[in-house]
Every structure is written in C-alpha cells, then in structure tokens.
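Here is the structure we will look at, set down as structure tokens.
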Amino acid sequence: MSDLFYFLRLHGKRLPWLMAGLGLMLASALAGIGLLALSGWFVTATGLSGLLMAAGVAITLDIYRPGAGIRAFAVGRAVTRYGERLINHEAVLRTLADLRLWVLDSLLLQPSTKLAMLRDGELLNRITTDVSALDQLFLRLLAPTLVAILALLAAFAFIAFWTPLPALLVAGLLLSTTLLCILLLVRYGALPGRNLAHGQSRLRQQLIGLLDNLTELRLFDPAHRQANQILDLGAETARRRLQLGQQTTIADCLLLTASQLAVWLMMLLGLGLYGAGIINGPVLVMLVLAVFSLGEILRPLPVAWQQIGRLIWNAQRLRSLQADPIPQLDTTAATAQCDAAVKLDGVWFRHRTGQPWCLQDVSLRIEPGEHIGIMGPSGSGKSTLFQLLQGDLAPCRGRLHAPFGPRSGTTGRGDPPGIAVLGQRTVLFQGSIADNLQLAAPEADSEALWQVLEEVELAGLIDSMPRGLDSYLGPGGRGLSGGQARRLAMARTLLVPAGLLLLDEPAEGLDRQQGMRILERLAANRREQTIIAIAHDRDRLPPTDRILVLRDGSLMDT
Amino acid sequence: MQAPPQSDSRWLFSRITPTSRRLLLLATGGGLVAGWLGILQAGLIAWLVYATLVIGAEPATLATVFGLWLLSIPLRSAGLSLRDQLALKASLSIREHLRRDLIHDTLELGPVGVAHFGSARAGSVLLDQLDALEGYFARFLPQCLLALLLPLSIIVVAFWLDWLAALLLLFALPLIPLFMALVGMGAESINQRQFQALERLGSFFLDRLQGLETLRQLGRGGETREAMRESTDNYRQRTMAVLRVAFLSSAVLEFFSAVAIAMVAIYVGLGLLGYLTLGPAGDLTLFSGLFVLLLAPDVFAPLRELAQHYHDRAAALGAARGLRDLLDQPATVVARPSKGLGAIRQAPEVRVNGLTVTYPGGDAPAIRDLSFRVGAGSSLLLTGPSGAGKTSVLLALLGLLQPREGTILLGAHRIAEYAPGSIESGSAWLGQNPRLLPGSLRDNILLGRPDASTDAVTDAAARAGVLRFADSLPDGLDTVIGERSAGISGGEAQRVALARLLLKQPGLVILDEPTARLDPESRAIMLATLETLAGQCTMIVASHNPEQFAWIDQRLALGGEPAA
C-alpha cells in the first residue's frame, strides 16, 4: 500500500489539473442529479396546478424559471462532462510523462547488470505494464470515489435542508454501503488481484520459454507436458480472474441494492412527511428523484476498486526498480589524485556475502597509454572487473583507482565520460547513423565521423547508401547486419573523448581476418589512450603490450 | 472456389463455443430482466406519487405497491449480477479455448514457422492480444443486444403512455448514431495518426530504455531525459488534439440524453398545465407524465454503457487480426500419421537423397540436391561457411522443415511414415544458443526423461560439467534460474543443455554449432563429452570449426552458395 501512496505523491505536482478535473466531474454529477430532481418537481407542480386550474381555481405558476433551470442543467451536464474528460486526460498524460521520466531517473541510478536486463524485453515489458496501470490511478480509482462521496454529501445537505432525518438515513445507507464495498474489495480483493497479476506474469514467462525452446521441446518433450502446463496456468489465471470478477459482482450487487433501497426508503418516509404536511408534493418528488439519480454516480466504484490488488502489485514492482542503486563513489577524491595510472591494489569482490568471490586479490597497474589484453573463460570475472573500472561496483576489499573522471549518470548535461566502453552486446539506437555516432561526441563533424567509419571499414558501405550518414536505422539499429552493427558500435566507442578504452569481446560477430585488421589498426592509432581489452581467445584480442589471464577470479601472467 | 474472407468481427463471433453461447444468452437475459424491472420500478414510483397526491389513496392500499417494489429490488440486482458474472465466465472460457488452439498451432508450426512469423510477435499474440479479447465478450457483446432491446422496450411503454413523448425520445435516438458517425469520421483519421504517434513514442521509449546502459556509458543520461520529455510533451499535444474531437462523440450522446430529458419534462409540464392541446398532451396525468420522465434517462443509459465498451470492441478487432495471422500460418513441419511407426531404432542409419529445401517466404533453395549416408552409430560433420545451409539440413532431418524435393530415410523409413513423437523420443538436439526454460537447473536437465533417478541426473550433470558451477550456486542443481537464463552464462546454459542430452541417451544426436560462442573451458568439456558418445549413437554435427571434431567419421562440405 505504501508503494501506491508513493506513486500518488508523484501525482502531487499535477494537483491543479487533478483538482480542476475533479471539480468538473463533480459539477457534471450534480448537474445530472439536478436535472432529474428539478424536472420531477416541475412535472409534479404543473400536474397539481393543472388539476386545480381545471377545477376552476385561479392560481399562477412560474414555469419560466424552472424551465430555464432544466435547460441549464441539461446543457451544463453535457458541457462539464466534455470539459472534465479533456482536463482529466490532460492530467493523465502529464502523469504518464512524469512516470516515464521517473522510470528513466530510477534506472539511471541502477548498476549496469540491471540495465543489461532491459535488453531482453521482459523487464521492459514489466515496466510498460506497470506504468500503464499506474498512470490511471487517479482517473480510474480516486476521482470517481471522491466524486461519489462529495456528491453523496451534497445530496445529504440538499435533502437535510427540507427534512434532516430521512436525509441522514438515506445518505447514511448509501455512504456506509459504499465504504463497505470499498473495504470488502480492498480486504478480500487485494490478494486474488495480486495472485492474478502474479499468475499472468508466470504465464508470460512460461510462454516465452516455450517460444524460445520450440526445437528443444519438440525433441525432449514430445508429450507436450510443457504446453499442458501452460494451459493449466492459463486455466488457473482464468479461475482467479473469475474469482475477482465474483467479488466485484457482489460489491456491485450490494451497491445497486442499497441505491434502490434508498429510493424506496425516501419514498416511504417522504409520503409520511407529506401526510404530516411537512413537505409538499413537488418537493416529495424532487427528493425521491434526487436519490434516484444518485445510484448512477456509485456504479463505477466496484469495477474501479477491483483493480486495487493489482495496482498495489504494479506499484511494488515498479518501485523495486529503485531497489539497489549503485554506490555513489566519491569521485572528487579520486580525481584529486593526479596519477594517471589505473591501479588495483588487492581488490576482492563478490555480490553478496556468502557467495563465492568473483574477484580475489586482484592487483594490477596499468600505465597511461599502455594496452593490455585479458583472457579468461566465461564466469572468470571479466565483466565484474570492467564494472569495477567503470565505477558500477565498488570493491569489497582493496583499493581501486581509475583516474578518468566521474562516470556521468543522471546529472543534466553529462560530463565527458573519460572512459569509453564497447560492451559485449551491440547496442544501437533508432535514428540516423550520424545520430548514433554523435551520441558519443555531439560536436563531432562529418569529417570526424567519416574518419572513424574508415577505421572500422564501414565508410564504403555507408557511402553507398543513398542517404549516407543520414541513413535511418530502426529500433535497436535494425537495418544493419550483425557484423556491420558491431563495427558501428565500435566506431561510436572510438569517438568518445576518453583516456581509457574498455573493449569487451571487441571482435564478436566479425569474421576473423577483418576483426584482426580492425583491431590492429585501432591499437596502432591510439597510442595515447590506455586500452584494456578482454576476450575468450587470444586471437580475438588486439595486439597489446601485455596479456594477462583471469581464471576463477584471480589474475595471472601468461 | 475460395470462400470470401471472413470479417474479423464475424471470426470473433465464430469462436464462441456452444457453452459460452448459452452463458452469453443467459447473461443478456439477466440484463434484460433487470432493465424491465427498472421500468416497473419507474412505474411504481409514478403510481405512488399519483395515488397519494392526486387520488388521495389510503396508506393501506399503498402497502402492496411498496411490497411489490421491495420485491423487485433484489431481483433487479440479481439480474445485473447474472449478466456480469456469466458474461465474464463465457469470455474467459472462449479465451482459454483460443489459447489451446493457438498453442497447439504454434507447436504444429514448429521453430521454422514461428521464426518466420516472428517469435516476439507470437508471444504478443499468445498473451497480450488474447487478453485484449476479454472485454469484447464479457461486456461489449451482451451490451450490444441490450442497447437495442432495452430502449425499444422503453419506447413501447412510452407509446402506451403518451405517443408524442415517445416520439420525442424516438427522434433523439437515431440522431445519436448519426451525429456520432459524423464526428467519428473526423476522429477516425486523426485517430490513426495518433496511433502512429503512440507507436513511435512507445518504440522511442523502449528503444532508449533498451540501450540505457550504453547511453549512460556515453554520458548521455541527461540528454536522453530531455529528449524523452520533449517527445512525451509532443505526444500529449497530439493526443489532446485527437481527444478534443473524439470526446465530441460522447458529448453528443450526453447532450442528446440531457436535452431529451429536459424536453420531455417541459412537454409533460406544459401538457399537464393544459397549455398544450397538441395530440395526446391533453390526456396526460401526473402518473403518465412522471412515468415517461423517469423512463427518459433509461432510454440512453444502455447506449451510454455500450459507448463505454466501444474500445473493447476496437481492441478485440485489432487482436483478432493478430490471432488469425498466427492461426493462418502454413505449417513447415512434416505432417505425420498418428498410426505411423513407433520409436526409431537405437542409432539409426540416416540416408538423404537429392534433398532440396526452401524456407517459407524464400524463393531460393537453402539446399539443393544434397545426398549423403551416415551408417548406424557412425558420425558426420557438416562444414561450410555460414549461409551454406547446414542448419537447414539438420532441421530437415528432424522433420522440422518440409523438403521440397528428395527423400530422407531414418532407419529405412521416411520421416512421414513415423508417428508423431516417435522420432523425437529417440533423438536429441543441441543448438548454439540455448535459452533454458523457467524453473530449476534440475527441471531443465530432467526435461527429456522426467522419471530419471537423482543419481542419473547427478551423473549427467557431472559429465556435462554442470556441477562445476552448480556447486557454487546457492541451491546447487535446484537453483531456479531467472528469466531467459538470467544468472548463468551462455557457456553454463549450454552445459545444462548437454546434461539434458546425456540423460536422455538418444540414438540420434543432431548438433548445430554446439561450440560456437563458448568459452574455452565449456568448449573443452563439450568436445570431450561428445567424443565419448561416438559409436553409441548416430551423430550429425554442423560446425564451422572442423578442426575441433577430429574424431568424427566422415565430413561433408556444403557449397559456398551464401543465402541472402
């Protein structure tokens, strides 16, 4: 629940929009009540006067002011409703933007391992689901509830003006049923709602597992056990959905019965008051019809509150994005020392106590401009070493000194990173080739771009494209082959004005000869930069001054 | 002759199962009864007012009316509950039926067909698009009938009360769809542009999030934030432009219903006063006047509810397209008779004659006129540059890709002669990029032989080098791996896949680049373990590192005719 409140507070800066929307929503609800109540009064008053006039009694009835009132309510309801929807959607869209930026801000503070998970789509899918559930939090859940309660109070005041006791009874009946329904749905709906959301997420995982493993499953699971498991899971989510639907229906039924009973009660009490001469006929009908139209305002509540369990779950899951932010390194201290060498002094690292060490007593000194290669099998700690060097992780023991400025994250403009990284996976962006390259160096002119493209042997290809540097790449850099994309990513890394170049499997996806050619050229052209390259094999490394081997977290000379 | 293509809404309708149809009809019936009871209640209210105010009836005579009214209250609530609950049940049942068909179809389609369709797209069909159907069956369809029947019932009652008032309502009714259509046409084209903008914005957000690690490394966190803010602002402005028009259609509905109520009220009022002598106005009583007034909002309420569910229809029609696309994919898998041959012999001989294979959607054959023979228990290495068709041969051998020409004999019989599951139960496959199934390492190893003993699993895990890393995991072999093998490396996942293969003890082993993308340690384990299988089974391996497989009996180099 506290997570839900957290995101509600995020809505806070849109308060004026939300209040305006709420006000209009209330106005439209009250206009609806007014329309029917005043019409009832008018019809009854005219009916009674008509009878008297037919009997020859001379009376006058002002039909113009009530008539105008009816028309005003009618038009007013339509207009306020239109305005309310516009304002509320404006508010929702602004909230959506806030939420997206919140996601971005939260993620930028997360360690690279978490960001790397974004590439697989599942985390991404989770985030989009959660965001789209929460952006409607106010409009779907809170606003109708507040409007219902305020309208009930207004109706109470109106009826109490004529007759206090029935007002108390009717408004009390409706208000207590409303609150009871909400309470029931929160109390008993939260768990099935969360279970449903959880079941759906498991179903998703299993289905993706199925689609990823169609060949494996065909051979290892010819009896379709996996598929049947998915169908069972689907049936289970359907059962949970139905259970949740049942609760909503019960709440709906309760509320509907209460609102009908309220009309019945108002009529019963009203007839008594009429008999006692406390209210007249038209007022009686007006009060009954006011209660009659209150029912419509309460109708959306059960469906809205049915979502509560799910929303809490969405909020928790989204909030957990902020779970373990990266340690904020004291970069000022690091930059104060003007020693340009990279130094690791007895560095130990593991992710959690109790787990095996990823790095054990690693000591290393790399002089400025030195090129070193590190070989190691998967799981030997290579990527952990890179994350330490980038400041994504802090050593558990020992000292690390990487004098290449702070790794910039969320802070507005972004200082030059000082460290250029080519990750193991190739990541490109939707946009032109120039856009992709200029991410590394916004001020780089086309000459600089062509030069670096030449270096990675892409200039010919891009020159042959009709739009050259402005050729457009789809999401994730679609449009280039694996090897071309790898070389473009490499070109981008080379454009970063950095003192330290970290290359993770740089020749991945390139054919052997071209890979060697490019890496040799790269190393020769960058004598002034420190380069650390890691790879599984020696022949996938650029020529370097030294080659070290990382095995089970320990660093050794070859 | 081919039948004309079915429209998406007709197709959705055809997916309603007989049980669901009954449920939906009952649900509509519940809604109808509730609506009629609503009419009754309006009549009782009007009559109570009339009896007291005009006739001056005794309270004792009114008690029956109050009793009747009280009785109708739970019935009306029950009718609506019935509508919601039964329609939801029907909708969920239709959805799970469809899911079964779709999963069945996906399995039939096989890896080649699904890859052709798009794996991510198939995932979205099986999950999101299927879920998008719920509202259509649970809310829209029942309401569709109610939105027609209830206003008609009310108009009939109103005609009996006062035909002029009924005409007023009747005129307002058809005007609504007319105006909505007019406004809707304008909204439609804007809507489409808006939809494109949403897709672009969504893909922009996702694209940037996917590469967020890289953006941060490049120091572009702040710029990305600004770009995101700008594009969402832009999106908001476009959306609001659409909504200003789109909401007009519902405003029209609101306006007409409000104005119709006002018109009826004023007409009745003037009639009662005797100012109107037009038509039946002179015969109006407080009873008929009040009754008509109370009915007026209920004429529009079902339509308003339908309008609220209209997006359910739009969502379902969009989803139907995707579902049908998946169901209509032609199968790429070789069809096999259920009464075919049983399991293949241990270590079968494999003979391929004049094999030509084409991928779905491709014209140029991936392999042309290929012939070879692998003796029982012998091994073959397929080599050649990437694109030479190595994988295609392996897929064809497993019956996953229908040959265009030529024959494949497994142990003297064609693939199409075997029963489904028979070839599979005696063979195993290992690709280059295994993605383990959600669950524990043990579950993944047990996949091919769920009844295997713990010792057998441990033995296979030890031989495949799984224990070397599993021992340092928190729960050993029972460690649950995350989504898409998160938590273990590619080499480690490959070793789990190898253990799965060993446990199954297959007679025919098909390996597609088993050592590509492996670290030296995993590669060494893989090669040493595979060598121990030589002689025990028929093995066919595709690799572009032939030097790693010195022990394989024969080699076949596939031509360097690279596919596009």
Report summary line: Of the residues in the range A:441-461 that are within 20 Å of residue A:507 (Cα to Cα) and in contact with a helix residue (DSSP H, G or I) (Cβ under 7 Å, 6 or more places away or on another chain), the one that is surrounded by the most Cβ atoms within 10 Å (Cβ to Cβ) is A:453
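Conditions tested, residue by residue: (1) away from chain A (no Cβ under 11 Å); (2) touching a His at 6+ places or on another chain (Cβ under 8 Å); (3) over 14 Å from residue B:499 (Cα atoms); (4) outside any strand (DSSP E or B).
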position: B:432; (1), (2), (3), (4): yes, no, yes, yes
position: B:449; (1), (2), (3), (4): no, no, no, yes
position: B:461; (1), (2), (3), (4): yes, no, no, yes
position: B:469; (1), (2), (3), (4): no, no, no, yes
position: B:472; (1), (2), (3), (4): no, no, yes, yes
position: B:477; (1), (2), (3), (4): yes, no, no, yes
Query raised in the report: Looking only at the range A:287-305, which residues are within 11 Å of chain B (Cβ to nearest Cβ) and crowded, with 20+ Cβ neighbours inside 10 Å?
Result: A:288, A:289, A:291, A:292, A:293, A:302
Requested in this report: Can you give me the number of residues within the range B:362-409 that are more than 12 Å from residue B:556 (Cα to Cα) and part of a strand (DSSP E or B)?
Outcome: 8
Query raised in the report: Among the residues of the range A:463-489, which ones are in contact with a strand residue (DSSP E or B) (Cβ under 6 Å, 6 or more places away or on another chain) and part of a helix (DSSP H, G or I)?
Result: A:470
Query raised in the report: Considering B:83, B:22, which residue is of a type in the set (D, E, K, R) and without any contact (Cβ under 8 Å) to a residue 12 or more places away in the chain?
Result: B:22
Query raised in the report: On the given criteria, is residue B:286 in contact (Cβ under 8 Å) with a residue 24 or more places away in the chain, facing chain A (nearest Cβ under 7 Å) and either open to solvent by less than 30 Å² (accessible area, probe 1.4 Å) or among the hydrophobic types (A, V, I, L, M, F, W, C) (or both)?
Result: yes
Query raised in the report: Would a scan of the range B:303-310 turn up a residue that is among the basic types (Lys, Arg) and away from chain A (no Cβ under 14 Å)?
Result: no
Report task. Looking only at the range A:474-484, count how many residues are more than 12 Å from chain B (Cβ to nearest Cβ) and surrounded by 18 or more Cβ atoms within 10 Å (Cβ to Cβ). Result -> 2
Query raised in the report: In the set B:95, B:100, B:139, which member is open to solvent by 10 Å² or more (accessible area, probe 1.4 Å), more than 17 Å from residue A:206 (Cβ to Cβ) and within 11 Å of chain A (Cβ to nearest Cβ)?
Result: B:139
Requested in this report: Taking the residues in the range A:1-47 that are among the polar types (S, T, N, Q) and without any contact (Cβ under 8 Å) to a residue 24 or more places away in the chain as candidates, determine which candidate is nearest to residue B:267 (Cα to Cα).
Outcome: A:46
Report task. Filter the range B:22-48 for residues that are in contact with a helix residue (DSSP H, G or I) (Cβ under 8 Å, 6 or more places away or on another chain), closer than 14 Å to residue B:88 by Cα and surrounded by fewer than 20 Cβ atoms within 10 Å (Cβ to Cβ) and give the result. Result -> B:26
Query raised in the report: Do you know which residues across the range A:201-210 are of a type outside the set (A, V, I, L, M) and either surrounded by 19 or more Cβ atoms within 10 Å (Cβ to Cβ) or facing chain B (nearest Cβ under 7 Å) (or both)?
Result: A:204, A:205, A:206, A:209
Report task. Assess whether residue A:92 counts as being within 9 Å of chain B (Cβ to nearest Cβ) and either within 20 Å of residue A:151 (Cβ to Cβ) or open to solvent by less than 50 Å² (accessible area, probe 1.4 Å) (or both). Result -> no
Requested in this report: Give just the number: which of (1) open to solvent by 20 Å² or more (accessible area, probe 1.4 Å); (2) in contact (Cβ under 8 Å) with a residue 24 or more places away in the chain; (3) out of contact with any Asp or Glu (no Cβ under 9 Å at 6 or more places or on another chain) does residue A:62 not satisfy?
Outcome: (2)
Report summary line: Of (1) at pLDDT 85 or above; (2) in contact with a helix residue (DSSP H, G or I) (Cβ under 8 Å, 6 or more places away or on another chain), residue A:393 fails just (1)
Requested in this report: Go through B:431, B:377, B:389 for me and flag whichever is modelled with pLDDT under 85, surrounded by 15 or more Cβ atoms within 10 Å (Cβ to Cβ), under 29 Å from residue B:494 (Cα atoms) and in contact with a strand residue (DSSP E or B) (Cβ under 8 Å, 6 or more places away or on another chain).
Outcome: B:389
Report task. Taking the residues in the range A:318-351 that are part of a loop (DSSP other than H, G, I, E, B) and of a type in the set (S, T, N, Q) as candidates, determine which candidate is modelled with the lowest pLDDT. Result -> A:337
Query - Unmet requirement for residue B:279, which otherwise passes all of (1) within 7 Å of chain A (Cβ to nearest Cβ); (2) modelled with pLDDT under 80 - result: (1)
Report task. Could you give me the residue pairs with C-beta distances under 6 Å whose first residue belongs to the range B:30-41 and is of a type in the set (A, V, I, L, M, F, W, C), whose second residue is open to solvent by less than 10 Å² (accessible area, probe 1.4 Å) wherever it lies, and which are 6+ apart or on separate chains? Result -> B:33/B:79; B:34/B:79; B:37/B:72; B:40/B:72
Query raised in the report: Is it the case that some residue within the range A:21-28 is open to solvent by less than 40 Å² (accessible area, probe 1.4 Å), within 12 Å of another protein chain (Cβ to nearest Cβ) and in contact with a helix residue (DSSP H, G or I) (Cβ under 6 Å, 6 or more places away or on another chain)?
Result: yes
Query raised in the report: Does the range A:266-286 hold any residues that are assigned to a helix (DSSP H, G or I) and open to solvent by 40 Å² or more (accessible area, probe 1.4 Å), and which are they?
Result: A:268, A:269, A:272, A:274, A:275
Query - Number of positions in the range B:447-463 that are more than 13 Å from residue B:477 (Cβ to Cβ) and open to solvent by 80 Å² or more (accessible area, probe 1.4 Å) - result: 2
Report summary line: Of those in the range A:73-88 that are open to solvent by less than 50 Å² (accessible area, probe 1.4 Å) and at the interface with another protein chain (Cβ under 7 Å from one of its Cβ atoms), the residue nearest to residue A:28 (Cα to Cα) is A:77
Query raised in the report: Do we have residue B:426 as in contact with a Lys or Arg (Cβ under 8 Å, 6 or more places away or on another chain), under 22 Å from residue B:349 (Cβ atoms), open to solvent by 10 Å² or more (accessible area, probe 1.4 Å) and not aliphatic (A, V, I, L, M) here?
Result: yes
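Results for (1) hydrophobic (A, V, I, L, M, F, W, C); (2) facing another protein chain (nearest Cβ under 7 Å); (3) farther than 30 Å from residue A:292 by Cα, shown as yes or no for each residue.
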residue	(1), (2), (3)
A:169	yes, no, no
A:181	yes, no, no
A:190	yes, no, yes
A:212	no, yes, yes
A:215	no, yes, yes
A:235	yes, yes, yes
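The values are calculated or read from the model by the stated rules, or taken from the named source; none is laboratory data. Just so it is clear, the structure is predicted and the values come from calculations on it, not from any experiment. No Cβ is skipped: glycine too gets one built from the backbone with ideal geometry, and neighbour counts run over all protein chains shown. These accessible areas exclude ligands, DNA and RNA; they are computed on the full protein's heavy atoms, side chains included. Shrake-Rupley method; radii C 1.70, N 1.55, O 1.52, S 1.80 Å.
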